[in-house]
Amino acid sequence: IYSLQIPMHQLGYTYLVLKHQPRYYIQYGVSQCSKEPIACGDSYTLFAMNENQYFALSDGMGQGQKASDDSTLTLDVVKQLITNGISLKDTIQSVNALLRIKNRNDMFTTLDMIEVNLVLGTSTFIKYGSCPTYIIRNHQIIEIESKSLPIGIVSPIDVSIHKEKLVENDIVIMISDGFSHQFKDFLKENEYLIGDDHPKDIVQLLMHLASQEEKNDDMTIIVVKLCK
């Protein structure tokens with residue numbers, strides 16, 4: 001409510017002026033570690049559309065420049081469609097169809113995306129062939145995973161969408177498959193180090209700890225924190 005008036009000359013009437021504005025804002029951090037010196041096969045993007053904030057991560061098949069080109073194309077198309085008002089479901093089907101057409105050279109990628117509504121605090125997770133996403137809430141770890149295939153393999157594709165209500169100070173962690181499959185255990189062991197740090201500090205810490213192990217693939221981590 002932006003303003004409220006009860007005019008004396010019009011008994012029984014109340015005038016309200018309502019202002020639409022976000023209740024939340026996002027802090028985030030991103031860190032990447034490439035296996036090949038030429039290019040990282042993982043790509044990421046972040047953008048806004050109306051009251052929604054989007055964070056997306058894609059892992060191209062293999063490593064190097066081709067994997068980078070494939071994953072970048074996937075995210076570029078996703079961003080263009082959503083910012084032009086196309087629904088999430090239609091965007092996914094369109095990207096999948098595009099990659100199927102170009103799939104003569106085995107072109108397929110993962111798609112891991114979160115949509116956060118900054119008015120309601122609700123979130124939508126889109127996961128295709130991607131690693132689980134983790135939410136840290138009050139020292140508890142919530143795992144969100146999907147068994148869907150990567151984008152560009154089969155058509156039509158089953159829509160894989162998970163909705164979750166976020167609360168203030170929730171920390172959302174997205175990773176590519178360069179990280180250990182025991183990442184949840186890794187988080188449990190190191191969760192005490194995170195505290196109230198900014199996501200930029202959290203991604204640097206987690207990347208430093210994880211990259212001490214042998215790197216068999218490109219590594220990307222995105223940390224998102226819901227603030228009020």
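The values are calculated or read from the model by the stated rules, or taken from the named source; none is laboratory data. Keep in mind the model is a prediction, meaning the values are calculated, not measured. Quick reminder, even Gly has a Cβ in these numbers, built from the backbone with ideal geometry, and neighbours come from all protein chains shown. Calculation scope for accessible area: heavy atoms of the full protein, side chains included, ligands and nucleic acids excluded. Shrake-Rupley method; radii C 1.70, N 1.55, O 1.52, S 1.80 Å.
Observations on the model:
- Multiplying the residue separation of Arg137 and Met49 by 0.36 nm and subtracting their alpha-carbon distance yields 29.1 nm.
- Extension gain for Met8-Lys228 works out to 75.5 nm (0.36 nm per residue, less the C-alpha to C-alpha distance).
- Straight-line cross-link partners of Lys163 among the aspartates and glutamates, defined as a Cα under 18 Å from its Cα and at least 8 positions apart when in the same chain: Glu51, Asp90, Asp112, Glu115, Glu143, Glu145.
- Using the Cβ-Cβ distance between Lys102 and Leu16 with R0 set to 35 Å, the FRET efficiency from 1/(1 + (r/R0)^6) comes to roughly 0.10.
- Full extension of the chain between Leu209 and Val119 yields a length gain of 28.9 nm, computed as 0.36 nm times the residue separation minus the alpha carbon distance.
- Sites Lys163 and Thr83, calculated FRET efficiency, Cβ-Cβ separation with R0 22 Å, nearest 0.05: 0.55
- Mean Kyte hydropathy of 0.5 or more with a Cα span along the axis of at least 30 Å, helices from DSSP in the chain: none
- Computed from the C-beta positions of Lys66 and Glu189 and an R0 of 41 Å, the FRET efficiency is 0.70 to the nearest 0.05.
- Rg/Rh (Cα only; Kirkwood hydrodynamic radius) as it applies to the chain: 1.07
- Residues in the chain average 54 Å² of solvent-accessible surface per residue, probe 1.4 Å, ligands and nucleic acids excluded.
- Spatial separation of Cα centroids for segment 69-144 and segment 169-186, in angstrom: 17
- With all protein chains in place and a 1.4 Å probe, the accessible surface of the chain carries 49 percent carbon and sulfur.
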